[in-house]
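Below is one structure, written out as structure tokens, with a few remarks after it.
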Amino acid sequence: MNRSVLSEVFRATAPLLAPGTLEVATSWTHPVRGPIDCPAHRLLTAHARRAGYEARSRALRQPGIHADGAPRTAVFAVSYENPDGGHSGLAIAVHGADTATASFAREQIAAWSTALRTRRMLYVRLDAPQPRLDTAGRTGTRVPGQQPCHSPGPWQACGCPGATACGAVENAARSLRRFLDRGDDVLVVGVPNTPASRTWWDGILPARGRPVATPEQAESLTVPDPDRLAYVVAPGTVVTEAARVLTVLRRRFPRLKGQHPREWCYTMDDLYTAVGSVLAQSDVLLVTGRGDSPVVRTALPQAARLDVRVRHVPALDHLRPQDTDAATIAVLDASADERVRRQVTQVLDGLGPASHVHRQVRTTTPAPSALAAGPADPALAEGRGRPAQGVRDPAGIAAPTRSLAP
């Protein structure tokens, strides 16, 4: 791609612009290359407005000197050839005699020209859990399943989106109350790491649940009566980490009772796995938007351990050329609506040929009746109404699937 980059300045009689005003091209026509698409035009517009200029975006006419008048407009532009044909680039038009605005436009095109390169963009998709499919009757003691629960905030304590039907929070609270009512010493296993987890913790502390966060704490734990020891897993805990704690507890206290694993939520466990695999391949992590999403909470400690450079981009005008100077970039959004993430994705699509990769890990917990159905009925076997081979996202990219039986 670098061999095809052309940085140029054109003179034209249109558009007519006032001093201090500039136009950022949404598209323009090169005199030789023809139509030039500009997916990154919002980036230049945002930076121009932040610098105090009046900026608007529109399609520009073909740059060139018209025979019917002197050139009154300067167009600073860069373009490159796309691998699948056609051209993309950037262009800013300013008043030809406005040296201050022209200098700004020239610097912007020069700066972002250095960011033009082929790159890979990695994202993590969050797949909301769905109710378990169970068509057969059961006998014996009933194990409460996950009941629909909706959080008033953007995320539940377990890490699921607020509007998702997931009963992990209620299940944990109900199990905690049941064990306490029986007179058990109840351990709350895990370290929840979601924005709403603090509310859950504040609610259970008066109930006398004892937190056990690590295997080391489990090894040093002392209890008054090992025969009356029980546990629940804190919603929002990475299940893989909770399992390590439970391994120690079960070894030390063989009569340990606990919440049924079918009630656990695996959202944070899936995020931890997906984020880890994405960051292991990334040169830089862009955290877009404002907020405190579970995916970003999961990513920041892992990025520190992997020595991945992190750059916060709360708005488009905070993105800098040096932030994009990488072959592989992970983009994760801190907000619930991911608006800034979508803007950054579009911008990076206009700063060189980009490959967009969505990574998704999804754990399912099918009911025993679904497992008994066997592979002849993949919808029942998966318990999700989808085949087990993989998940197809809207962009048509297959994502890996994990299925964990209870």
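Tabulated values for the structure
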| item | result |
| --- | --- |
| Sorted by Cβ density within 10 Å, fewest first, the residues Met1, Met121 | Met1, Met121 |
| Fewest-first sequence of Glu338, Glu216, Glu8 by Cβ atoms within 10 Å of each Cβ | Glu216, Glu8, Glu338 |
| His87 long-range amide H proximity, modeled H, under 5 Å | Asp37, Asn82 |
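Read-outs: derived from the displayed coordinates by stated rules, not from any lab. Predicted model only: the values in this text are computed from it and were never measured. We place every Cβ from the backbone using ideal geometry, glycine too, and count neighbours over all the protein chains shown.
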